[in-house]
Amino acid sequence: MRGVIAEPIEDTRIYGRRHGRKLRDSQSSLLERVLPRVAIEKGDAPIDPTSLFGRPVEAIWLEIGFGGGEHLAAQAASNPDIGLIGCEPFLNGVVAALGHIERRQIGNIRILPDDARILLDRLPAASLDRAFVLFPDPWPKRRHQRRRIINRANLDRLAAALRPGAELRLATDVPDYLDWMLFETLPHPAFEWLARRPGDWRLRTPDWPATRYEEKARKRGIIPYFLRFRRR
């Protein structure tokens, strides 16, 4: 690792933008028409994720901070028997995901337009089969690092929600955040890193669709990092 990483302390506040550019009429229409069909009801009550989809599903996958929803939509379209849950507090990103859902007529996505920790705290133990945290905000300033989503407290939440043998996938294009992810996740007793050679963390697996953040990074000449962990 390239530097000393401070021991993080969980910050339970929600940071980052909630809104971006003013929504167009067509985008507002998506919120009115599509979101009520796919939104997870807010509250504190426990959630059985298998009950969210109106039909039996083979497994439940969760994407934390899905950005514009392109990876979420691609996974859902390629895996119609899997139930996909996406959490994203940025309203414009939620609208983009709703556009994917409507255009591609995807029926196996449910969305919480809020912080993923709220959902994780409501899920039963061992109820998820896969989780994704792809290109999260790196919060590069040292004083902001406690805001990073990858930390011991959130890994504990994920460990509780993931069943044994489930997979956790992380991605970043920031070398410092790669160090941070490894610093936090490698010592965690619930997770085993699946990499055996450098190519295992420099290349996506065939079932891992690209995101627009990855494409932006590659246009800048940056090769992202892809980490896969197994829940012990």
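The values are calculated or read from the model by the stated rules, or taken from the named source; none is laboratory data. As the structure is a computational prediction, the values presented were derived from the model and not from experiment. All Cβ positions, even for glycine, are placed from backbone atoms using ideal geometry, and neighbour counts span all protein chains on display.
Observations on the structure shown:
- In region 189-206, the residues that are surrounded by 11 or more Cβ atoms within 10 Å (Cβ to Cβ) reach residues that are among the small types (G, A, S) with C-beta atoms within less than 9 angstrom, at least six apart or across chains, in these pairs: A190/A159; A190/A160; F191/A159; W201/A195; R204/A171; R204/A210.
- For region 144-169, the tally of residues that are among the small types (G, A, S), surrounded by fewer than 21 Cβ atoms within 10 Å (Cβ to Cβ) and outside any helix (DSSP H, G or I) stands at 1.
- Meets criteria (at pLDDT below 95, over 22 Å from A125 (Cα atoms) and in contact with a strand residue (DSSP E or B) (Cβ under 8 Å, 6 or more places away or on another chain)) for G67: yes
- Applying the criterion of being touching a residue at least 40 places away in the same chain (Cβ under 8 Å), part of a loop (DSSP other than H, G, I, E, B) and out of contact with any strand residue (DSSP E or B) (no Cβ under 6 Å at 6 or more places or on another chain) to the residues of region 32-42, the residue that is surrounded by the fewest Cβ atoms within 10 Å (Cβ to Cβ) is K42.
- Condition met for E214 (within 16 Å of the chain's Cα centre (by Cα) and assigned to a helix (DSSP H, G or I)): yes
- For region 90-129, a residue qualifies if it is aliphatic (A, V, I, L, M), farther than 18 Å from P36 by Cβ and more than 13 Å from the chain's Cα centre (by Cα), and the qualifying residues are I118, L123, A125, A126.
- Here region 43-95 is the region considered, the condition is being outside any strand (DSSP E or B) and among the charged types (D, E, K, R), and the residue that is farthest from R24 (Cα to Cα) is E58.
- Extreme residue, surrounded by the most Cβ atoms within 10 Å (Cβ to Cβ), among residues of region 207-218 that are in contact with an Asp or Glu (Cβ under 8 Å, 6 or more places away or on another chain) and under 26 Å from R163 (Cβ atoms): T211
- Among the conditions (1) over 28 Å from R163 (Cα atoms); (2) crowded, with 18+ Cβ neighbours inside 10 Å; (3) of a type outside the set (D, E, K, R), G221 misses just one, which is (2).
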